[in-house]
1. List the strands (runs of 3 or more DSSP E) that sit entirely inside region 71-181 and contain at least 3 residues that are within 16 Å of ALA191 (Cβ to Cβ), touching a residue at least 60 places away in the same chain (Cβ under 8 Å) and within 14 Å of the chain's Cα centre (by Cα).
2. Does region 163-173 contain any residue that is buried (at least 17 other Cβ atoms within 10 Å of the Cβ) and touching a Lys or Arg at 6+ places or on another chain (Cβ under 9 Å)?
3. Condition first: buried (at least 16 other Cβ atoms within 10 Å of the Cβ) and part of a helix (DSSP H, G or I). Now tell me which residues in region 208-228 satisfy that.
4. I'm trying to understand the selection: among the residues of region 263-295, which are modelled with pLDDT of 90 or more and over 26 Å from ASN209 (Cα atoms)?
5. For region 243-251, state whether one or more residues are of a type in the set (Lys, Arg), touching a strand residue (DSSP E or B) at 6+ places or on another chain (Cβ under 6 Å) and either under 15 Å from SER108 (Cβ atoms) or surrounded by fewer than 19 Cβ atoms within 10 Å (Cβ to Cβ) (or both).
6. Which condition does ALA205 not pass, out of (1) assigned to a helix (DSSP H, G or I); (2) buried (at least 19 other Cβ atoms within 10 Å of the Cβ), if it passes all the others?
7. Would you call SER245 more than 14 Å from PHE197 (Cβ to Cβ) and either in contact with a helix residue (DSSP H, G or I) (Cβ under 9 Å, 6 or more places away or on another chain) or in a loop (DSSP other than H, G, I, E, B) (or both)?
Amino acid sequence: MSARGSPKTDGTGVSSVFALEGEAQAVADRLPELLLDALRVANTVAHGIHGRRRAGTGETFWQFRQFIAASDPAAVVDWRRSASSDTLYVREREWEAAHTFWLWPDVSPSMAFRSHLAALSKRDRAVVLTLAMAELLVRAGERIALIGLTQPLASRRAASRIAESLATHETDAAVQASLPPPARLSRFSSALLFGDFLDPPSVIAERFNAMAEGGVAGHVVQILDPAEETLAYQGRIEFRSPETSDRWIADRVETLRPAYQRKLAEHRASLEEITRRIGWSFLVHHTDRPAAEPLLTLIMRLQGMANDYRWKLDAVAGLGAAS
């Protein structure tokens, strides 16, 4: 079985133009529903979004500190606070500086796969995670964009605009590709990539390296169906590639399970090495698990890479309720 192969039992191998058009329309029709799912997941995760917890230029009050005569002008003294004490106090504000995040969900044909072990397809989960992360980042005051489709924006409707853009460009060749399109990303920005990443490691490495050359920090979430992880099938099964005409029939698929799992583990180890080498993070997520889990992990990693990031993680609670 090729790395991008997905189990199919319908026996059909030819997709008509009308079938592809119908599939694209179905995804577009589901985007409002997926957007609602994303907003619900984002609301579950983002109980405690705060500022960067550093003094600086901004509109949000942070804390009072004592007046320093050697460096502070008298105009910055908060006289109301100081009147209740023998000490002069200054009202400090939080430092605010928007960061640009480039988002990319894999909506290629292979991502449409959903087994009997999951309630939704890999593509739907990738879209939900993308929209939920967009919502969280915009709430935190950051700028977001879809790689190859939109320019960075900080509007509160950014998640909705991303959903509209995905629906509008669903059938574009660049959007149907299984890796992020070549694009010039702003220097020192961040990329959040959601897909199955089952292409040959050499191809993935070339694309990731090109993105990282400009100082872009990357976070890769590999989304797999649980059946892809374990090869959860018995007996005679036909495997058909969703992106080519390749087919392969296994008479006793269970006998292939050890070799398959070993091959998948080797591929994942290659991905981990590729991302480690360029300083990116890597995370595996299965579609039978709650969508809030990878979001929380991403937030923790974002904070770990920048101590001044906006998230107050100890206020995040109730993740088990999201799905």
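The values are calculated or read from the model by the stated rules, or taken from the named source; none is laboratory data. Being a predicted model, the structure only gives us computed values, none of them experimental. Every residue, glycine among them, receives a Cβ derived from its backbone with ideal geometry; neighbour counts consider all protein chains shown.
1. Of the strands (runs of 3 or more DSSP E) lying wholly inside region 71-181, those with at least 3 residues that are within 16 Å of ALA191 (Cβ to Cβ), touching a residue at least 60 places away in the same chain (Cβ under 8 Å) and within 14 Å of the chain's Cα centre (by Cα) span 100-105.
2. Among the residues of region 163-173, not one is buried (at least 17 other Cβ atoms within 10 Å of the Cβ) and touching a Lys or Arg at 6+ places or on another chain (Cβ under 9 Å), which makes the answer no.
3. PHE208, MET211, ALA212, ALA227, GLU228, listed by residue number.
4. Correct list: THR287, ASP288, ARG289.
5. yes
6. So ALA205 meets the others, but not (2).
7. yes
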